[in-house]
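Chemist: First, the structure itself, so that you have it in front of you.
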Amino acid sequence: MTGARVDELRSEAARAGRRLQYLTMAWNSAECAVALAAGFVAGSVALVGFGFDSALEVTASLAALWRLWRDADETRRDAAERRAMRIIGVCFLLLAAYVLYDAVGALARGEAPDHSTVGMVLAVLSLIVMPLLVHFKRRIATRLDSGALEAEARQTRVCACLSAILLAGLALNAGLGWWWADPVAALGMVPLIAREGWDAVRAS
């Protein structure tokens, strides 16, 4: 395969990656607005934490997009790779700190969230959309041999895991009246988020 053909394939992969990031940002912006509104109305720590996760994922997507726009320039590619990975890692760590603080506070105060049908529907939709995005993002990361894009794909995978945890917490609260399931579900998110953040920062 000629060098020109390799460059062309790499350019195609970068364009496909940028389209995925635009799609991710659009979905997560909507997800953030709905989750925060529903979370504050219901008093759900897990749902509010999920909304902030969506906001941070938009930031991570912007970092990945910035990395993709610099892919064609080999002299700037490595620096962009490291900087994007660092930003993504910091986003993870900020989210872990917020969720931990809010969940512990809710348990200490004994706050019982209201039922949130909107939150459960949002979690189900996220469980459908996020794994699809992860699949295609990892393909692009592999084609471009990019650790930063792989880290961003893992953040999207974490979002899918958080959707499952969120759904479990909301369903237990709605079905069995286990008010503590919501903040406990939020606490269950923390180790997963923090580990991904630390790994990304260390790799950068």
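The values are calculated or read from the model by the stated rules, or taken from the named source; none is laboratory data. Quantities reported herein were computed from a predicted structural model and do not represent experimental measurements. Note that each Cβ is placed from the backbone with ideal geometry, even for glycine, and that neighbours are counted across all protein chains shown. Each accessible area value is taken on the protein alone, full model and side chains, heavy atoms only, with ligands, DNA and RNA left out. Shrake-Rupley method; radii C 1.70, N 1.55, O 1.52, S 1.80 Å.
Chemist: Taking the conditions exactly as written (open to solvent by 10 Å² or more (accessible area, probe 1.4 Å) and either within 24 Å of L167 (Cβ to Cβ) or in contact with a Ser or Thr (Cβ under 6 Å, 6 or more places away or on another chain) (or both)), does V90 satisfy them or not?
Modeler: no
Chemist: Next question, about the same structure. Give the range 146-193 a look and list any residue that's outside any helix (DSSP H, G or I) and more than 21 Å from the chain's Cα centre (by Cα), or say none.
Modeler: Within the range 146-193, G177, W178, W179, W180 qualify.
Chemist: Within the range 102-124, is even one residue within 15 Å of the chain's Cα centre (by Cα), assigned to a helix (DSSP H, G or I) and surrounded by fewer than 22 Cβ atoms within 10 Å (Cβ to Cβ)? Even if it seems obvious, please write down each step before you answer.
Modeler: Step one: list which residues in the range 102-124 are within 15 Å of the chain's Cα centre (by Cα), which gives 122-123.
From what's left, assigned to a helix (DSSP H, G or I): 122-123.
Then keep just the ones that are surrounded by fewer than 22 Cβ atoms within 10 Å (Cβ to Cβ); that gives none.
No, every residue in the range 102-124 fails to be within 15 Å of the chain's Cα centre (by Cα), assigned to a helix (DSSP H, G or I) and surrounded by fewer than 22 Cβ atoms within 10 Å (Cβ to Cβ).
Chemist: Taking D199 as meeting all but one of (1) within 21 Å of Q21 (Cα to Cα); (2) of a type in the set (D, E, K, R); (3) modelled with pLDDT of 80 or more, write down the number of the exception.
Modeler: With (1) within 21 Å of Q21 (Cα to Cα); (2) of a type in the set (D, E, K, R); (3) modelled with pLDDT of 80 or more applied to D199, the lone miss is (1).
Chemist: Within the range 63-71, can one find any residue that is modelled with pLDDT of 80 or more and surrounded by fewer than 18 Cβ atoms within 10 Å (Cβ to Cβ)?
Modeler: The answer is yes; a qualifying residue exists.
Chemist: Right, here's the next one. Output the residue which, of all residues in the range 125-149 that are on the phi < 0 side of the Ramachandran plot and among the charged types (D, E, K, R), is least open to solvent (accessible area, probe 1.4 Å).
Modeler: My answer is K137.
Chemist: When both residues are 6+ apart or on different chains and their Cβ atoms are under 6 Å apart, which pairs have a first residue that lies in the range 180-204 and is closer than 17 Å to A97 by Cβ, and a second that is aromatic (F, W, Y)?
Modeler: I193/F92; E196/F92; G197/F92
Chemist: Starting from the range 49-61, keep only residues that are surrounded by fewer than 24 Cβ atoms within 10 Å (Cβ to Cβ), then list their pairs with residues that are part of a helix (DSSP H, G or I) and of a type in the set (S, T, Y) whose Cβ atoms are within a distance under 7 Å, requiring at least 6 positions of separation or different chains.
Modeler: Final answer for the pair search is F52/Y98; V58/S29.
Chemist: Restricting attention to the range 27-41, which residues are more than 13 Å from the chain's Cα centre (by Cα) and open to solvent by 10 Å² or more (accessible area, probe 1.4 Å)?
Modeler: Within the range 27-41, A30, A33, V34, L36, A37, A38, F40, V41 qualify.
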